[in-house]
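So the structure is just underneath, and the comments pick up after that.
The values are calculated or read from the model by the stated rules, or taken from the named source; none is laboratory data. Predicted model only: the values in this text are computed from it and were never measured. Here Cβ is always computed from backbone atoms with ideal geometry, including for glycine, and neighbour counts include all displayed protein chains.
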Amino acid sequence: MKGVNKQIHRTQFCILSRTLVFLLLLAIGYWLMANFSYAGIQEEIAERQKQIEELQKQIEGYQNQIDVSRGQSRTLENEIKQLNAKISQITLEIKGLELSVNKTELEIRETESKISDSEDAITKHKDALGQYINIAYQNDQTTLTEILFNNENLSDFFNYLNDLQNTQDNLKTTIQGIKTLKADLEENQIALEGKKTDLEYLIGIQAVQKRSLGINRGEKDKLLKETKGQESKFQELIKQSQKDIEKIREQLTFLHQHGITAEDAVRYAQLAAIRAGIRPAFLLAILEIESRLGQNVGTGNWKDDMYECYIRLGTKYYPNRKAHYLQRAETEKNAFFAIIGKLGLNPDSVKVSREPNYGCGGAMGPAQFIPSTWLAYEEEVARLTGHNPPNPWNIEDAFMASAIKLAKGGADKQTKAAESGAARAYIGGNTKCSSNICNYYSRVVLNKADELEKNL
């Protein structure tokens, strides 16, 4: 009987040893495969980044040409030179945006691969943990009398106790490993959410740039056709085109989405910008870019596209962040009802932005502020407009909210650097944001503002 029990213990320890060897080999295998796979993707990402940086230098060169031309007297030659530089710049920006989209897609693919690898590793660790628990259970069933009876001398007994302690330590290490893997998986999921949001923004900016490219090419063709290369005819056109509301109407697509006339857009933008201390053209440019990036602006419902969307994110897609999303659902719902309650509106008939491919909807009116953000600006908007309570679906109030936010970002200094920082803060939350998205966004906004400035 003693020999049988010894054999059982030896079998247990053999199982334990094989398990440890298996885990070691598994870890090495995963490490080699993952690093080989990730290295290939990282090389592609690095190559895209290098190409993007090279394009950035060329784009800056064209921007310098545009700035120089803008500082010179308006002649036909300078105007054509400036339009050519803009066309070349936007063409490169579109190419750069395509590279950034491709790079972001690669980063998403890499993140998804890491998530998949983490899930596989967790599964393997759980299997190993099951073996540890089984061994620990068998050891716990062995009494001290049985241990003494099964060991011929005290050294064997103490060796057994040492092996038992090692088993317990390995069990704790494995449990901690699973917790670490779970935390890594949760971080990867959050990173993936952010990258998908970045991708959507890049695609939106790309659409704006393609439209701007078409407008600039059209302007060049029209200018050459109307002047037939004659300076005198060009000077006549300059006089005729000042404060051209049609030009503004062509530049602002959000007018159609919100039923706002170009005249009203200019009037309320000027009013809001003056009160907040920023350029009207800069405010209109921000509203235009934001509107173009929006998903089905103003056709959603608070319950489906906002409240239940956050609940779905927390219960179905990201259960590891359930508490965060459920709290967010309640926060936005309460803020929304606080706003419409003051305005005496029916929550089920008021339209908000629809749920996009990333995140949730619920943004309100022309400025597209989410409910909780609107409440943060509500008091200041009321002070400057005299509307109490202010209404996010009212043009004057919405424009004022955007103007206040931009002024807080530094746009009230009305310098190019300050406006660039305000645009970066508007999209990236920080005036010093230097990501590809922030770089492109700020440049697109400033270029759009310059175009609008000519006709205000």
Please enumerate the residues belonging to segment 199-229 that are assigned to a loop (DSSP other than H, G, I, E, B) and without any contact (Cβ under 8 Å) to a residue 40 or more places away in the chain. LYS228
Checked GLU355, GLU378 against criteria (modelled with pLDDT of 95 or more, buried (at least 17 other Cβ atoms within 10 Å of the Cβ) and either outside any loop (DSSP other than H, G, I, E, B) or under 24 Å from the mean Cα position of the chain (by Cα) (or both)); the one match is GLU378
Would segment 247-266 turn up any residue that is assigned to a helix (DSSP H, G or I), loosely packed, with under 13 Cβ neighbours inside 10 Å and at pLDDT below 75? yes
Filter segment 381-395 for residues that are touching a residue at least 40 places away in the same chain (Cβ under 8 Å), in contact with a Pro (Cβ under 9 Å, 6 or more places away or on another chain) and under 21 Å from GLY341 (Cβ atoms); the one that is surrounded by the fewest Cβ atoms within 10 Å (Cβ to Cβ) is TRP393
Being hydroxyl-bearing (Ser, Thr, Tyr), in a helix (DSSP H, G or I) and under 20 Å from the mean Cα position of the chain (by Cα) narrows it down to one residue among SER113, SER88, SER118, SER69; which is it? SER113
Taking the conditions exactly as written (farther than 30 Å from GLN251 by Cβ, among the charged types (D, E, K, R), out of contact with any His (no Cβ under 9 Å at 6 or more places or on another chain) and surrounded by 18 or more Cβ atoms within 10 Å (Cβ to Cβ)), does LYS333 satisfy them or not? yes
Taking segment 300-321 and keeping residues closer than 20 Å to LEU185 by Cα and touching a residue at least 60 places away in the same chain (Cβ under 8 Å) leaves TYR318, ASN320, ARG321
Is it the case, given these coordinates, that ILE278 is outside any helix (DSSP H, G or I), touching a Leu at 6+ places or on another chain (Cβ under 9 Å) and either of a type in the set (Val, Ile, Thr) or in contact (Cβ under 8 Å) with a residue 24 or more places away in the chain (or both)? yes
Has segment 337-346 got at least one residue that is at pLDDT below 95, part of a helix (DSSP H, G or I), crowded, with 16+ Cβ neighbours inside 10 Å and among the aliphatic types (A, V, I, L, M)? no
